[in-house]
1. Evaluate the following for Lys91: is it surrounded by fewer than 20 Cβ atoms within 10 Å (Cβ to Cβ), without any contact (Cβ under 8 Å) to a residue 60 or more places away in the chain, basic (Lys, Arg) and within 16 Å of Asn53 (Cβ to Cβ)?
2. Quick one: Ile71 ticks every box in (1) touching a residue at least 60 places away in the same chain (Cβ under 8 Å); (2) in contact with a Lys or Arg (Cβ under 7 Å, 6 or more places away or on another chain); (3) not basic (Lys, Arg) bar one, so which box is it?
3. Being surrounded by 17 or more Cβ atoms within 10 Å (Cβ to Cβ) and under 13 Å from Gln39 (Cα atoms) narrows it down to one of Ala111, Ala81, so name that one.
4. Please verify whether segment 57-71 includes one or more residues that are of a type in the set (Gly, Ala, Ser) and out of contact with any Leu (no Cβ under 9 Å at 6 or more places or on another chain).
5. Just one of Leu114, Leu105 is under 18 Å from the mean Cα position of the chain (by Cα) and part of a helix (DSSP H, G or I); which is it?
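What follows is calculated from the coordinates using simple rules that are stated; it is not laboratory data. Because the structure is predicted, anything quoted here is derived from the model rather than measured. Every residue, glycine as well, gets a Cβ built from its backbone with ideal geometry; the counts of neighbours run over all protein chains shown.
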Amino acid sequence: MDQLMVFAANHPLLSTAWVALVVAIIVITVMIKMSPVKQVSPQELTFQVNKENGVVVDIRTDKEFKTSRIIDALHLSQEKANKNDFAALEKHKDKPIIVVCTAGLTATKVANQLLKAGFSQVSLLKGGMNAWVGAGLPVTKK
């Protein structure tokens, strides 16, 4: 413990950065756990689609969506998402909605917007399409 105090006294910038990182990790972890938007694995996504009639909503660019996507995924452009234009999804309002982006980072904002728009069960694919492809799950180009 004495060595830690000496290090902190000799390197205040490094010590502050370390404490800030630890606090940030704790805050982000708590926010994820408390969020109404849950992160699901590729296997959980498959279960929701097959057993609960879940709907996959892909928010990647048109080019990425046309290149490869999860089978039966619906496309929602960033432009429509930014305008809260979810008219194409209205008939799926009471079904589980799983939002998919490239790496699982940008889907959170859209998932929260869907919740505010009245969609009851919204989650996002943890790791995005990268996790889906990495798990060796099927994609389509049609």
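1. Judged against the criteria, Lys91 is a match.
2. Every condition holds for Ile71 apart from (2).
3. Answer to the check: Ala111.
4. First, pick out the residues of segment 57-71 that are of a type in the set (Gly, Ala, Ser): 68.
Applying the additional criterion that residues be out of contact with any Leu (no Cβ under 9 Å at 6 or more places or on another chain) yields 68.
Yes, there is a match, as at least one residue in segment 57-71 is of a type in the set (Gly, Ala, Ser) and out of contact with any Leu (no Cβ under 9 Å at 6 or more places or on another chain).
5. On inspection, the qualifying residue turns out to be Leu114.
Conditions tested, residue by residue: (1) under 24 Å from Lys109 (Cβ atoms); (2) β-branched (Val, Ile, Thr); (3) touching a Gly at 6+ places or on another chain (Cβ under 7 Å); (4) not in a helix (DSSP H, G or I).
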site	(1), (2), (3), (4)
Ala8	no, no, no, no
Ala17	no, no, no, no
Ile25	yes, yes, no, no
Ile28	yes, yes, no, no
Pro36	yes, no, no, yes
Val49	yes, yes, no, no
Lys63	yes, no, no, no
Lys80	yes, no, no, no
Asp94	yes, no, no, yes
